[in-house]
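Bear in mind these aren't lab numbers, they're just calculated from the coordinates by the rules spelled out. This one's a predicted model, so the numbers in the text were calculated from it and none came from an experiment. With ideal geometry, Cβ positions are generated from the backbone for all residues, glycine too; neighbour counts draw on all protein chains shown.
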Amino acid sequence: MLGARRFFIGPRRVGVWRREADMSDISSIDNDEPIGLSGRLWRFIFPKLNRRFFIRLAVEALLAYLFFAFICVPARIHGGSMMPTYPKEWFDFCWRPAYWFSTPRRGDLVVIRYTDKKLYLKRVIGLPGDTIAFKDGKLIRNGKYMDEPYVKKPSDWNLPERTVPEGKLYVVGDNRSMPMDNHIFGAVKLKRLYGAPLW
Amino acid sequence: MRKAVSALLVVVALAAAAWWFVGGRKSDEEKIAAVFDRLVDACGKAAKESPIGMASKNAEFSNIVADPCSVDVREVMIDGTFRPLEFASRITKGRTMFKTLNGKVDDLVVKVDPGGKTAVAEYSIRVWGESGQRGAFDESRDLRSELIKVDGKWKISSFVVDKVLER
């Protein structure tokens, strides 16, 4: 059986491929005896650089890439259009599956894809068919004044009534105290919906 | 044995010809996507671009835009209805405002009419680079274009541009 490979699976042990001929070289942590916390920590920090380790490393790297590139995308918030809900500079993750099986509701926080590398964090205030207007900073949706607890500062926005077209959402930031002309908001195509902030 | 090898070679040759014939014939959607790729290349500007390169890009517009082509992008400078040469002249003029200009077409959805003579394309275009006045920029717009088939080639007959977030 010289040269045959065996796969050791013991209690709380990482499996190790070994040639039988090399068994005499196995250190104490490869024995069947359970290893202590310090031994496991030592093995975690200084793993054996064998083929199994590198395969596992490659698989984990691939999974991490797929997760952070397509599922939970890290994003840096830059700008004060969502204050005070989010500070001017912040870090968050965009949870992309948030709207894979559902559509946004009024009041939801959503991430909009502007370009490949530029995303907008906004709040949904109108769905297709809704009418939207601002009068003295107050939101009027479908002819009714809306209470918006997330808007903390006074606003003087005035915007004539408009209807949200089919296939679009009407989004706006929470910081209505900034001049309306400096605030990027409006109707955006549903296909640009990228996800929702994780927190 | 020789007959079997010969027959096999004939079958392989026929399969290769069929594959080439099917693969070589692009669908209308693919042809239209190629038109937009050429448009983006023709409008772009590299950091160091030779006058010959610029001239060849301008000549390409006659293969990309129809005669006439209407433009409604809400920019006074390039809005209107133009012939291909006028279109190229406007683009050249606009290009001088930029040090570098790059573009990329995304989310292209093409609907070809049953007759196969006209089509409508909805897409977004990302434009980035460096301008003399504003410095680096990176912007995106949603567009809708109509295309017509002229002498077997798809050409763009109109551009209508929407902002990504339209108040």
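For the pair B:I148 and B:D72, how long in nm is the line joining their label points, each one 7 Å along Cα→Cβ?
Between B:I148 and B:D72, the label points sit 1.7 nm apart.
By counting other Cβ atoms within 10 Å of each Cβ, how are A:H183, A:H78 ranked from fewest to most? Working shown, then result.
Details: A:H183 20, A:H78 9.
Going from least to most buried by this count: A:H78, A:H183.
Can you list the residues of segment A:95-128 with backbone N under 17 Å from a point 7 Å past the Cα of B:K163, pointing along Cα to Cβ?
Those under the cut-off are A:112-115, A:119-123, A:125-126.
Run through the DSSP bridge list for the protein assembly as shown and note the antiparallel percent, rounded to the nearest 5.
Numbers: 76 of 80 bridges.
Percent antiparallel among DSSP bridges in the protein assembly as shown is about 95.
So what is the 222 nm mean residue ellipticity for the protein assembly as shown from helices alone, if each DSSP H run of at least 4 adds -39500 (n - 2.57) and you divide by all residues, rounding to the nearest 500 deg cm²/dmol? Walk me through the numbers before you get to the answer.
Numbers: 6 runs with 90 residues, N = 366.
Calculated from helices alone, the mean residue ellipticity at 222 nm is -8000 deg cm²/dmol.
Could you list B:R74, B:R25, B:R126 in order of exposure, starting from the residue whose Cβ has the fewest other Cβ atoms within 10 Å?
If I rank by nearby Cβ atoms, fewest first, I get B:R25, B:R74, B:R126.
Output the 0 to 90 degree angle, nearest 10, between the alpha-carbon long axis of helix B:51-64 and the longest principal axis computed from the alpha carbons of chain B.
70 degrees
So what's the angle, to the nearest 10 degrees on a 0 to 90 scale, between helix B:2-24 and the longest Cα principal axis of chain B?
Relative to chain B, helix B:2-24 is tipped by roughly 20 degrees.
Calculate, in nm to one decimal, what A:W42 and A:N142 gain on full extension: separation in residues at 0.36 nm each, minus their alpha carbon distance.
Details: separation 100, 0.36 × 100 = 36.00 nm, distance 6.43 nm.
Result for the pair: 29.6 nm of gain on full extension.
How do A:E89, A:E148, B:E49 line up, fewest other C-beta atoms within 10 Å first?
Values: A:E89 10, A:E148 18, B:E49 14.
The most exposed by this proxy come first: A:E89, B:E49, A:E148.
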